[in-house]
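The values are calculated or read from the model by the stated rules, or taken from the named source; none is laboratory data. Small disclaimer: the values here were computed from a predicted structure and weren't measured. Because the Cβ atoms are built from the backbone with ideal geometry, glycine has one as well, and the counts that use them run over all protein chains shown. Areas reflect the complete protein model, heavy atoms only, side chains present, ligands, DNA and RNA absent. Shrake-Rupley method; radii C 1.70, N 1.55, O 1.52, S 1.80 Å.
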Amino acid sequence: MEVFNQLIYDFAVWVDAHQWSTALHESFYVYNWIESTHVVALTLSIGMLFLIDLRMLGLAMVDIPASTLARRLSLPMFLGFTVMIITGLLLFYAIPVRSAQSLWLRIKLVLLFAAAINAWLFHRRMSAAGHSWDTAMKAPMRLQVGASISITFWVLIVICGRLIAYDWFDCRAEPSSFIAALAGCVAGQEAF
Amino acid sequence: MGTYTRTISVGTVIVFGLIFALTDARHTTWQALLPLFEWMETTPPGVISQTYGAAFALVEAAHLIAMAVLGGAVLVADGRLLGLILRDVPLSRVLDQSHRLFVWSLAAMILTGVFMACGVALKVYYLNVFWYKMLALGTGVFFVFFVRRPLLRGDVEKVNPQLLRLVGIASLMIWFSVAATGRWIGFSG
């Protein structure tokens, strides 16, 4: 774990040394516009994803065939996710060391990975289920479970994303050794 | 309410809004609202927000999630009005279904928004961008319930397609302004 954290720290310090990273961080308007775009893209990506998930659970858009809704909303959803990933990477690039040592960002990345696996499984199950239930109020139970897990993951991802802004577990706040290891604090590191 | 009565009512509201914005009434109202904002900080949501940072952060996240759902509902409806998505689903069905979700998410957004505002009431009171957001939100709610919804409630397939596109573009612009000004509150003060 220590070696892993040291590697990430060294990488973040290397990124931080880039002139563009500092310029991005210190530009009030550019940095804030990137962050705003990241949040607004949330409405496109998670907004569409929640509509599909809520449809599967029979809680929204129930008069529209489920597979039609899922198929048609996939493109704007992926467009939103693409913008979110690009702006997310830029936000990391602007503040690399603190971001790399953010407990919340690390949890968020794990949750993103889990959400991606769930989305892949969900898509496979939906293809396997065919169109027999398309106009039914709710999707088959397995798909409902997948939709519930998806909503839970994304709610947690948004919470973690929001909590990154708070410095409760920052390395300079000297958290417990367990939290410090999870957050990736490195002994003798400089303050950023 | 007939078409002309509604048009006259909307026009009257816009005229009153302009008079309010361009005269001293705006400043007088702003000053009169100060006691309300001072009181907001003493209410239970205000005290909880100021005492427990985690509670404030969680409500912030809930506000974001509500915004995402509201954004989804707006984008689906406006995307359909512009003929960009769900073109094979009847327009009236998309509008009806998305409106329900819109109302629920709007309620959640306002509830969480008021909670957050109570925690930083005096800070936001002095922020111009907060009032821009309130103006954008008020315009958005007014537009949805008094312009868009009544206009598209009837036989929507008979409405001029250009007008439908215009309504879709106006709606997108208004709700983008709500989201952008809301985010900008965090960068101000």
*For helix A:28-56, report the angle its Cα long axis makes with the longest principal axis of the Cα atoms of chain A; keep it between 0 and 90° and round to the nearest 10°.*
30 degrees
_Over chain B: helical MRE at 222 nm, DSSP H runs n ≥ 4 each giving -39500 (n - 2.57), nearest 500_ = -26000 deg cm²/dmol
*asked:* In chain B, once you exclude exposed chymotrypsin sites (Phe, Trp or Tyr not before Pro) (DSSP loop, at most 16 other Cβ within 10 angstrom), what's the longest stretch remaining?
replied: B:53-125
_Between segment A:165-188 and segment A:1-45, the Cα center-to-center distance that results, in Å_ = 18 Å
*Taking H placed 1.01 Å from N in the peptide plane, check which residues at least 5 places from A:Ala60 or on another chain put their amide H under 5 Å from its amide H.*
A:Arg55
_I'd like the mean, over residues of A:24-35, of how many other protein chain beta carbons sit within 10 Å of each residue's own Cβ._
1
*Using the heavy atoms of the protein chains alone and a 1.4 angstrom probe, what is the accessible area of the protein assembly as shown per residue in square angstrom?*
54 Å²
_Relative contact order %, chain B, counting alpha carbon pairs below 8 Å whose residues are six or more apart_ = 29 percent
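Average partner chain C-beta neighbours within 10 Å, per residue of B:71-82?
Numbers: counts 11, 17, 6, 2, 8, 10, 0, 0, 4, 1, 0, 0.
Per-residue shielding by partner chains comes out at 5.
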*asked:* If you roll a 1.4 angstrom probe over the protein chains with everything in place, what fraction of the accessible area of chain B belongs to carbon and sulfur, to the nearest %?
replied: 71 percent
*asked:* Between segment B:104-156 and segment A:101-118, how far is it from one alpha carbon centroid to the other, in angstrom?
replied: 32 Å
_Relative contact order of chain A, pairs being alpha-carbon contacts under 8 Å that are 6 or more residues apart, as %_ = 31 percent
_Could you report the buried accessible area between A and B, both sides summed, computed with a 1.4 Å probe and given in Å² to the nearest 100?_
2900 Å²
*asked:* Using only Cα atoms and rounding to the nearest 10 degrees, what angle (0 to 90) does helix A:103-129 make with the longest principal axis of chain A?
replied: 20 degrees
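Where does chain A land at 222 nm, in deg cm²/dmol rounded to the nearest 500, when only DSSP H runs of n ≥ 4 count, each adding -39500 (n - 2.57), divided by all residues?
That comes out to -25000 deg cm²/dmol.
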*In the protein assembly as shown, which cysteines lack any other cysteine Cβ under 4.7 Å from their own?*
A:Cys160, B:Cys118
*What is the distance, in nm, between label points placed 7 Å from the Cα along the Cα-to-Cβ direction at B:Arg153 and at A:Ser132?*
4.2 nm
*Using a probe of 1.4 angstrom, how much of the accessible area of segment A:2-140 is carbon and sulfur, in percent?*
73 percent
*Could you state the principal axis extents of the C-alpha atoms in segment B:16-163, from the largest down, to the nearest angstrom?*
51, 41, 20
*Net charge near A:Val145: determine it from the other residues with C-beta under 12 Å of the C-beta of A:Val145, scoring Lys and Arg +1 and Asp and Glu -1.*
+2
*Once both axes come from the Cα atoms, what is the angle between helix B:53-81 and the longest principal axis of chain B, in degrees from 0 to 90, rounded to 10?*
10 degrees
